[in-house]
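What follows is one structure encoded as structure tokens, with my remarks underneath.
The values are calculated or read from the model by the stated rules, or taken from the named source; none is laboratory data. Predicted model, so just to flag it, every value in this text is computed and none were measured. Neighbour counts run over all protein chains shown; Cβ positions are idealised from the backbone, glycine included. Surface areas here come from the heavy atoms of the whole protein model, side chains and all, with no ligands, DNA or RNA. Shrake-Rupley method; radii C 1.70, N 1.55, O 1.52, S 1.80 Å.
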Amino acid sequence: MTSSYSAAQIQVLEGLEPVRKRPGMYIGSTGPRGLHHLVYEVVDNSIDEALAGYCTHVEVDLNVDGSVTVTDDGRGIPTDIHPQTGKSALETVLTVLHAGGKFGSGGYKVSGGLHGVGVSVVNALSEWIEVTVWRDKKVHVQRYERGIPVTELKAKPTNENRTGTSVTFKPDTQIFTTGIEFDYTTLASRLRELAYLNAGVKITFSDHRLELLKTSTPRVETYEYKGGIREYISYMNSDKQALHEEVIFVQGERNNVQVEVALQWCTDAYTDNLLGFANNIRTVDGGTHLEGLKAVLTRTLNTIARKRNKLKDNDANLSGEHVREGLTGVISVKVPDPEFEGQTKTKLGNTEVRGIVDSLVGEVLSEYLEFHPGVADAVLDKAIQAFKAAEAARHARELVRRKSVLESSPLPGKLADCSSRDPKESEIYLVEGDSAGGSAKQGRDRRFQAILPLRGKILNIEKTDDSKIYKNNEIQSLITALGLGVKGEEFDASQLRYHRIVIMTDADVDGAHIRTLLLTFFYRYQRALIEQGYVYIACPPLFKVERGRNHRYCYSERELQQYLTTLPDNANYSIQRFKGLGEMMPEQLWQTTMNPETRTLKQVEIEDAAEADRIFTILMGDRVAPRREFIETYGSKLNLTDLDI
């Protein structure tokens, strides 16, 4: 059968149709991330009003019916007739892609929205949306369903002298097939981030879903930080020991580019945690603003080290990695015409920003360190110590390398490698113990699955310096098996030997501990592995229910109970609880946990970098007090029957 292919087959998507047809192109995915992105799009518009100086309070409400309301006290979306479209400006903004006040000059000086697809995309992907605008002593209301206006723009006079916009929308279940329930903590972390980045803006976040909360009163939190990103640094470092009390703060503007930088070094941290933001958007992949900051930090501290005789004439300069050891920093730039690389805006591309950051920060930082010699000395001593530790680690590595050259193979002996040489299709399982390793080796598909058994608990690298890391056998075999390279060097994905690194541990307390130690290792040694989505967690079953010749695997206590309720009362069945992976037959392990057709893998992601950093410090660091406080706070909320004790 041949189907004709003529002009009639060429589709032209009108209005908002392309958004409903290909939602992933506009919001990234139709899963939880895209769902929350809808709220961010609306909130970003209110924050843009705040950046322009017209809005001081943003309210976000999660309503009982599953909808969300975002209200601000800005100027209100214009409601007069738009000359190009002949509709009200409000309807134009909501129904036309690439329409907004952010393209020409005049509407906004700086804004996070770049493509002008924000609120129109929210409209297209919502079951319904209601917009209320207070402007010119009138209140205007209009309702849309799936992107189409179902009422006219109604205006009523009001005595209130208020201005602003309120948008209420309910996401469309036809688009978000995985569910439309918003997660409070995900939204709270982004709203808190926005409040830190825009000092003085007040954001009130309320959750009215009482059934979900299991309480009688709504949960309300208010974020307002007069200190802006300085308070952000204090929040991230609240469980660390600061090297200097005062957060170093730089603020300035040049060529209409506004720069804010906050820096604080800590004594008990061995890696740097630098967060970059451009127009309130977190630039995960860095960009010119972060490059400028790194360059100026290295240059300034080397200059001062020579001035203060910390470095002799024939000493080599301190490298950026040593200067930044233990540094928590936030840089936020506001650029009038931002160039982002990629639709998801994760890397800033404006070349002029590098020089502006460099000169602004250079002046203020030099002056600050000149006037605070105590701080300068403390930071330099830490950097020089880091340099010496790195030298010691380098010698340790050289020893290791020399030793491995004498042996026949540099790969660890217990690694059962796969036959494929293509990293994209290869995966490695990090397995706890030799017995589980044996089952995994027998059950795997040796064409693309490699197995590395780990003996016992690996080193907690949150608490140790670099030279000890390289002397540890388990960590050494991890680094060589994966092809990770040296800590602190730029991550080179081409050297990675497997593109899926799967942590497969027993479903007990020890297994959870080993998994946490491995995640700490990846997060601190080579964070890009997690950020770029190479790390996964395998989900082995906990129970096997056998009934006659049939059997079923259950992955949690809850799933087991649900399954048992479906069986008849007089059913004969036996339940086997898997204590460890070693108890499983190779064939069972393959079917449940390793077969790409039937297994479940969880990809490890970092949603909130600052929070991730803080939690790793609390739970894996060497200070006991914050950990105890954490356990006391959250211990009471644990359901003890869920714990495998």
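A few remarks follow.
- The set of residues in the range 354-380 being over 27 Å from Arg524 (Cβ atoms), of a type in the set (A, V, I, L, M) and surrounded by fewer than 21 Cβ atoms within 10 Å (Cβ to Cβ) consists of Val364 alone.
- If the condition is being more than 25 Å from Phe182 (Cα to Cα), assigned to a strand (DSSP E or B) and of a type in the set (A, V, I, L, M, F, W, C), then the range 142-169 contributes only Ala155.
- Candidates are the residues of the range 296-353 that are in a helix (DSSP H, G or I) and hydroxyl-bearing (Ser, Thr, Tyr); the one that is surrounded by the most Cβ atoms within 10 Å (Cβ to Cβ) is Thr300.
- Leading residue by the ranking (surrounded by the fewest Cβ atoms within 10 Å (Cβ to Cβ)) among those in the range 461-503 that are within 24 Å of the chain's Cα centre (by Cα), over 27 Å from Leu318 (Cα atoms) and of a type outside the set (Phe, Trp, Tyr): Ser494
- If you go through the range 570-603 and pick out every residue that is surrounded by fewer than 19 Cβ atoms within 10 Å (Cβ to Cβ) and in a loop (DSSP other than H, G, I, E, B), you end up with 13.
- The residue that is modelled with the lowest pLDDT, among those in the range 354-413 that are among the polar types (S, T, N, Q) and under 21 Å from Gly320 (Cα atoms), is Gln385.
- Every residue from the range 428-443 that is out of contact with any Gly (no Cβ under 8 Å at 6 or more places or on another chain) and within 20 Å of Thr480 (Cβ to Cβ): Ile428, Tyr429, Leu430, Asp434, Gly437, Ala440, Lys441
- Test: Gln11 is closer than 24 Å to Glu145 by Cβ, modelled with pLDDT under 85, more than 24 Å from the chain's Cα centre (by Cα) and of a type in the set (S, T, N, Q): yes
- Residue match in the range 438-447 (condition: under 22 Å from Phe522 (Cα atoms) and open to solvent by less than 30 Å² (accessible area, probe 1.4 Å)): no
- Residues of the range 258-268 satisfying the condition of being more than 22 Å from the chain's Cα centre (by Cα) and either crowded, with 21+ Cβ neighbours inside 10 Å or within 16 Å of Arg623 (Cβ to Cβ) (or both): Val259, Trp265, Cys266, Thr267, Asp268
- Count of the range 208-239 residues which are out of contact with any helix residue (DSSP H, G or I) (no Cβ under 6 Å at 6 or more places or on another chain), open to solvent by less than 50 Å² (accessible area, probe 1.4 Å) and at pLDDT below 90: 1
- Some residue of the range 621-632 being more than 30 Å from Leu274 (Cβ to Cβ) and either touching a residue at least 40 places away in the same chain (Cβ under 8 Å) or within 31 Å of the chain's Cα centre (by Cα) (or both): yes
- Considering residues of the range 37-77 that are open to solvent by less than 10 Å² (accessible area, probe 1.4 Å) and assigned to a helix (DSSP H, G or I) only, the residue farthest from Val201 (Cα to Cα): Leu38
- Which listed residue, of Phe205, Phe182, is open to solvent by less than 30 Å² (accessible area, probe 1.4 Å) and in a loop (DSSP other than H, G, I, E, B): Phe182
- A single member of Thr30, Thr69 is closer than 17 Å to Gly147 by Cβ and either at pLDDT below 80 or not aromatic (Phe, Trp, Tyr) (or both), and it is Thr30.
- Any hit, the range 213-233, residues being within 21 Å of the chain's Cα centre (by Cα), in a helix (DSSP H, G or I) and acidic (Asp, Glu): yes
- Within the range 529-569, the only residue that satisfies the criterion of being open to solvent by 20 Å² or more (accessible area, probe 1.4 Å), closer than 18 Å to Gln603 by Cα and aliphatic (A, V, I, L, M) is Ile537.
- Residue within the range 86-102 that is in a loop (DSSP other than H, G, I, E, B), touching a strand residue (DSSP E or B) at 6+ places or on another chain (Cβ under 9 Å), crowded, with 20+ Cβ neighbours inside 10 Å and at pLDDT 75 or above present: no
- Flag for Phe522 being open to solvent by 20 Å² or more (accessible area, probe 1.4 Å) and under 23 Å from Ala392 (Cα atoms): no
- Residue in the range 18-25 that is without any contact (Cβ under 8 Å) to a residue 12 or more places away in the chain, of a type outside the set (Gly, Ala, Ser) and either surrounded by fewer than 18 Cβ atoms within 10 Å (Cβ to Cβ) or on the phi > 0 side of the Ramachandran plot (or both) present: yes
- Residue match in the range 606-617 (condition: under 28 Å from Arg33 (Cβ atoms), assigned to a helix (DSSP H, G or I), out of contact with any strand residue (DSSP E or B) (no Cβ under 7 Å at 6 or more places or on another chain) and open to solvent by less than 30 Å² (accessible area, probe 1.4 Å)): yes
- Qualifying residue in the range 269-290 (condition: assigned to a strand (DSSP E or B), over 22 Å from Asn198 (Cβ atoms), open to solvent by less than 30 Å² (accessible area, probe 1.4 Å) and not hydroxyl-bearing (Ser, Thr, Tyr)): no
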